[in-house]
Each structure stands twice: as C-alpha cells, then as structure tokens.
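Novice: Mind looking over this structure? Questions follow.
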Amino acid sequence: MSTLNMGWQFAAGEGAGEHRTLIITLFALFVVATLGITVWAGRQTKSAADFYAGGRQFTGFQNGLAISGDYMSAASFLGIAGSIALFGYDGFLYSIGFLVAWLVALLLVAEPLRNSGRYTMGDVLAYRMRQRPVRTAAGTSTIVVSIFYLLAQMAGAGVLVSLLLGITSDGGKIAIVALVGVLMIVYVTIGGMKGTTWVQMVKAVLLIAGTLLITFLILLKFNFNVSELLGAAATNSGKEGFLEPGLKYGATALSKLDFLSLGIALVLGTAGLPHILIRFYTVPTAQAARKSVNWAIGIIGAFYLMTIVLGFGAAALLKPGDITASNKAGNTAAPLAALEIGGGSGSTGGAILLAVISAVAFATILAVVAGLTLASSSSFAHDIYANVIRRGKATEKEEMKAARWATVFIGIVSIALGALARDLNVAGLVALAFAVAASANLPTILYSLFWKRFTTQGALWSIYGGLFAAVFLVLFSPVVSGKPTSMFKGVDFAWFPLENPGLISIPLGFLLGWLGSILSKEEPDKGKYAELEVKSLTGTGAH
Amino acid sequence: MTTDAPPPQGGPEIQPTGPTTEQFVAVQESAEFGELRRAHRSFAFPLTVAFIAWYLLYVLMSNYAGGFMGTKVFGNINVALVFGLAQFLTTFLIAWFYSRHAATKLDPKAAAIKSRLEAGE
C-alpha cells in the first residue's frame, strides 16, 4: 500500500512538473482577465450603492449566474466530488441539502429582503429594532459566518496547489494561501460589488463548462450508461454498500445523529448566509431577485447532478488508495479524475484536462473568497462603523474607506487562519458555516419579517445565542480536537460528540428569539413593523 | 419619514420623502394588504413546511431505512438514488410553482398598493 502511494505521488509530481507551465499559464490568464474586469468595474464604482450593491443594475439572469458563482464553492466542487469518491452515496447527500435550501431563500427571504434592505443583512435585522445593539450583533455574526466559510476556501486552495504544482512544502502551500488572500483583497477594494459580481459570473461559466466537459468524457467512457458507471464505481471502490446510504454516516447511532444535524444545517443555512443575501441587493426589483434565485436553482441543480458523475467517475477510474494518498479528505478526487480521463499521468490529454480543472478550481476559490470578503467588510463598514461607531453620521466616502480597510484586515486574518486549516476537509468546514448561519441569522431574519411581536431583545438573544451555541459546540467537537482529522492533532478537549452543531444550535436560535421577545419589557415598535411589512411585500420605497 | 425615527438605514444617500409611518400603518391594516399578506403566507408557509418535511423524510430514510433505500430499481440504480434525484425534481417544480403563484397572485396586488402609497394617497 505504501509503495503504491509513493509511486503515485512520484508520478503525479512528475506529470505536474512537466506541464506546470500550462497550469500556471491558464491560472495567470484568469487572474489577468479578472484583474482587468476589476479595474474596469473600479472606475465605475463611485457611490456606496455601487460599492455595496453593484449599482443595483444587474439582471435576474446575471445575478443568478453570479449567485451560482458565489455559492458553488471549492466545497461543492472538490469536497462533494471527493466525498462521493470516498464514501459513495453519502457524499451525494450534501448536494441535496445545498440545493433544497434555495427554496427557503426563494419562498421566504429573497424578495422581502430585496424590498426592505439596502446593503447588508443588518439593514433588515435592525429595521424595527434599536439600531446600535442589533447592528453590532448582525455585523458580528456576518463576520463570523464569513470567516468560517473563508477558512474552508483557503484550505482548499492550499490543498489544490500541493497536488497541481507539485508543491509539497508547507511554505509553498502557505504562499499560495497568501496569494489567494492578496488577490481577493484587490478584487474587493478596487472592484467592489460590481467587480466581484463579474468575477463570479465569469467563474460560474468556466466552472459549468469545465465540469460539463469532464462529466461528458466520463459518461462517454461508460457509453452514457449511468448504471454501468455506478457498478464500476462500487466494484472498484472495494467497499460494501458503496451505492447505499450509510458508509460515512451510518456506522453508529451517533454518526447518524451527526448526519441529521448536518442535513438540518444545510437546508436552513443558505438563506442565512450574508454573502448570498447581499447578492439580492444587486438587482433593481423583487421580481428580479426571484428570477435570480430561479436561475441559481437551475444552474446549481445542474452542477450538483454533474458532481455525482464526477464523484462516482473518480471512484470508478482511480485506485481508492490514490485518492486518499493525494489528500486524506478526498479533496483532489475531481482533478485526479480529470487527469485519468484525459489519458492518465504523463499523457498530454491528461495534463491539459488537469490544468483546465485546476484553473477552474482556482477561479472558483477566488470568486467565492471575494464574495465572502465583500460581505464581511460591507457589514463592518455599513453596520458597525457607520451605524454603531459613527451613529449614522459617516459620509458615504468615509463609509467606503472603512469598507476597504476592513477588506484588507479580513484578508490578512483569513490568510493566517487559512494557513492553519490547510489540511481540513473543506466540505466539512463549510457545513459549519451553514450551521452558524442557520442558528444565528435565519431565525432573526424570519422573525423580523413575519412576526409582529419580535423585539430587540429577541433579536439579540437569537443572534448571540445561536452564534455562541454553534461556535462553542464546534470548539468542543471532534472537528477541532480529539480525532486524527481534527484541526489540532494530539490534543483532545472534545466533549461534544457531533461534528455539526445544528441539531442543538438551530432550535436554540429559534427558541431564544421567541423567548427573548415574549420576556421583553420593551413593546415592539408597531409603526416600524408596519413600514417593514408593507415595504417587504410591496417594494414601496425600495432603493 | 418622520424625523424622530432612529437613523433609518444609516448612510447619507439622499432619500426622497416617502410615505409617513401613519400611512404605512393605515396600509398595513387595510383589507387589501391583508389579502396580499394572506396570499403570500397561505402559499409560502405550508409549502415550506411541506418541502422541509419531504427533505427530512429523505434524510431520516437515508439514516434509518438503509435496507429499503438499497433496494435495486433497475441495474445499479437503487431507491436511494431515485429518492435523491426526486429531491432535485421537486425543488425545480416548487420553484416554478411558487414563481407562477407570485407572478399571478402577488405581483399585481403588490404593485397596486405600492403605486397608490408612493403617489401619496
């Protein structure tokens, strides 16, 4: 086994070495093109509405594409394909939660949010409430969720590069994480939302095209017979029940509970992700926001269907040992499948496909981190700086300046954290971000929009309660310590048995919002709720 | 907007004077708005409960009904895969269904209320 692994790594390193130029060229092309777009967008970014919301002039289709680009992260692309390749059917479970979740956004959140907010999630959460405490809470939770998510993307970047460019040293991986960080700072500070949106649109097209190509080639190899592909995957994996649920989560009663927890977090998390929510401000009307979600559901759904083929294709074509040898968490299964389907290590076809898929994966990471950075720096500047620190008295110019500095700061923080987390399974990390979003943000959004008795105290209890519960439980879960795959190896302070805290923290977030409101001494502001409700359903006075 | 309200959404963007809070309260209490609210909630809320229940059924079946989920339907395609793909299908259908409802039942009502409110009536 170990000789096999070493042989593989040698071959991959050699293959990558020969065609390293190709990979770097493609990647550089993407970077140059997106930097061009960024500078162009930067010239048109004058007002705060340009910086935060791209001037609100994108069409439903454009925004749907950008949402897909924002949402289909390295976790979807590398993590899900890798999970399917290693655990078969259980890897596929992720994508279903990720997709169904969009219905919550479509039916309950996208349109009212577009109608009643301006730049951030905090606009809607704080609308009826006392501004300073609720804005502080909304800003805190936005930044925490985004940093969790950023961490996952940064870790993905490091992993990819070690395989693709044959860089195995820690210093090399950290350098790549730093490069990603610097690029995202540049995209956001210069291009603002307009530049970020275009980068995400370009990336979505590249990702769909690249995935379509590999999916087509894999299906071609199996004569478009999905059953045959599944059979080959099951046989080659050498695992019993590869096509049935249970390989990853079915081992014990505890792991089943963990899966339930994950499932709930995935389906309720999307509509609470700040970087997704602010995308709805880039279109002019609620109808356009609805159209964006519909396009996003179509594009993302199609993409996840293709990841099934990618994942099972990798399982069918590669030796199971090769996938784990290259990356323990399976994150490199998709690029390895591309190499194999193109003719294998050392072949020109394989090298070209590997290069294409690698460049696409880089593009994916860059577009997503830009969106996340924008969400967190917007929230810092608009919610915390302008409305809390300056009490609404900051000028537009000052606010944008604060947003740009926040971008630089968040960029540096995520480079540091990304370097630390570079060996974690990226799909698992993103699931944590979903849990925090579902526990802290979603209850507050829904109560704010639909429950007239919701109060400031309710909002604070639900945001902080959901946030702290989720983060606290993760901190003492096997994700952070106690297992060979934990963030900190060799120590064990995990007493919370589940990897995903959603099962506890999401109901807690909802419960605290309700409890905080009914125990509140303060009466809800009826006038403000009338404004919010009428605006959110009719679009009156929408910016 | 009344002047004593807390800084509404911060930011110095010049805001046209919109309807007053009193006008918003009057609209909120009107029968017409009540109908719009009901048309949204009576559709979106039960449907949300339904698709979350349908999704949870899938999650629970994957967890606790492995034998059934592993039943082969044809070739190597088993119930689990069909069930998963059905989740994709229902997601697409619900999105389409809601959008049709919104376009025919919600948008006209919302537009009527909005134009009257913005005209200052």
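The values are calculated or read from the model by the stated rules, or taken from the named source; none is laboratory data. Model, not experiment: these values are computed from the prediction. Neighbour counts are summed over all protein chains in view; Cβ atoms, including those assigned to glycine, are modelled from backbone coordinates with ideal geometry. When the accessible area is computed, the model is the full protein with side chains, heavy atoms only, and any ligands, DNA or RNA have been set aside. Shrake-Rupley method; radii C 1.70, N 1.55, O 1.52, S 1.80 Å.
Novice: So, by mean Cβ neighbours within 10 angstrom, what's the order for A:216-228, A:403-415 with the highest one leading?
Specialist: Values: A:216-228: 15.2, A:403-415: 20.3.
So the peptides A:216-228, A:403-415, ranked by packing, come out A:403-415, A:216-228.
Novice: Related question: Based on the alpha-carbon gyration tensor of segment A:380-439 and its eigenvalue square roots a ≥ b ≥ c, which shape applies: rounded if a/c is under 1.5, prolate if not and a/b is larger than b/c, or oblate?
Specialist: Oblate shape, in that a/c is at least 1.5 and b/c is the bigger or equal ratio.
Novice: Binning at 20 angstrom from zero up to the longest distance, how are the C-alpha pair distances of segment A:2-422 distributed in percent?
Specialist: So the P(r) values, bin by bin, are 28, 56, 16, 0.
Novice: What lysines could a cross-link reach from A:LYS535, if we take a straight Cα to Cα line under 25 Å and drop same-chain neighbours fewer than 8 places away?
Specialist: Answer for A:LYS535, where 25 Å is the Cα cut-off: A:LYS291, A:LYS393, A:LYS452, A:LYS526, B:LYS105, B:LYS109, B:LYS114, listed by chain and number.
Novice: Can you pull the mean other chain C-beta count within 10 Å for peptide B:27-36?
Specialist: Mean shielding count: 3.
Novice: May I pose another question? Give, as ranges by residue number, the residues of segment A:392-408 whose backbone N falls under 19 Å from the point 7 Å along Cα→Cβ of A:LYS46.
Specialist: A:395-401
Novice: How big is segment B:21-118 on each of its three principal axes, counting only the C-alpha atoms and giving the largest first in Å?
Specialist: So the extents along the principal axes, rounded to whole Å, are 63, 22, 16.
Novice: May I ask you to list the aspartates and glutamates whose Cα is less than 16 Å away from that of A:LYS248, ignoring any residue fewer than eight positions away on the same chain?
Specialist: Straight-line reach from A:LYS248, under 16 Å: A:ASP90, A:GLU240, A:ASP258, A:GLU499.
Novice: Given points 7 Å out from each Cα along the Cα-Cβ axis, report the A:VAL39 to B:SER99 separation in nanometres with one decimal.
Specialist: Output for this residue pair reads 3.8 nm.
Novice: For segment A:2-422, give the percent of accessible area contributed by carbon and sulfur heavy atoms, probe 1.4 Å, rounded to a whole number.
Specialist: Ligands and nucleic acids excluded, carbon and sulfur reach 69 percent.
Novice: Shifting gears a bit: Hey, can you list the DSSP H helices of chain A whose Cα span along the axis is 20 Å or longer and whose average Kyte-Doolittle score is at least 1.0?
Specialist: Long hydrophobic helices here: A:20-43, A:89-104, A:131-164, A:170-186, A:192-221, A:253-269, A:286-317, A:348-378, A:456-475, A:502-518.
Novice: Right, next: Which order do the peptides B:85-92, A:119-126 come out in when sorted by mean C-beta neighbours inside 10 angstrom, highest first?
Specialist: Highest mean packing first, the order is A:119-126, B:85-92.
Novice: Tell me whether segment A:245-401 comes out rounded, prolate or oblate; compute the Cα gyration tensor, take square roots of the eigenvalues as a ≥ b ≥ c, and use a/c under 1.5 as the rounded threshold. Don't skip to the answer; put the middle values down first.
Specialist: Numbers: a/c = 2.30, a/b = 1.74, b/c = 1.32.
In terms of gyration-tensor shape, prolate.
Novice: Counting helices only, and only those DSSP H runs with n ≥ 4, report the 222 nm mean residue ellipticity of the protein assembly as shown as the sum of -39,500 (n - 2.57) divided by its residues, in deg cm²/dmol to the nearest 500.
Specialist: Counting only the DSSP helices, I get -23000 deg cm²/dmol.
Novice: If I model a spin label as a point 7 Å beyond the Cα along the Cα-Cβ vector, how far apart are those points for B:SER115 and A:TRP405 in nm?
Specialist: So the two model labels end up 4.8 nm from each other.
Novice: Next up: Using Cα positions and a limit of under 17 Å, work out the aspartates and glutamates in reach of A:LYS173, with same-chain residues fewer than 8 apart set aside.
Specialist: List returned: A:ASP423.
Novice: Run the quick spin-label model on B:ALA26 and A:PHE476: label points 7 Å from Cα toward the beta carbon, then report their separation in nm to one decimal.
Specialist: Here the modelled spin labels are 5.6 nm apart.
Novice: A further question on this structure: How do the peptides B:58-68, A:189-199, A:525-535 rank, highest first, by the average count of neighbouring beta carbon atoms within 10 Å per residue?
Specialist: Ranked from most to least packed, the peptides come out as A:189-199, A:525-535, B:58-68.
Novice: Let me know the mean shielding of A:88-96 by other chains, meaning the per-residue number of their Cβ atoms within 10 Å of its Cβ. Could the numbers behind the result be given before it?
Specialist: Details: counts 1, 8, 2, 0, 5, 7, 0, 3, 11.
For peptide A:88-96, the averaged partner shielding equals 4.
Novice: Averaged across the residues of B:84-93, what count of C-beta atoms belonging to other chains lies within 10 Å of each residue's C-beta?
Specialist: 5
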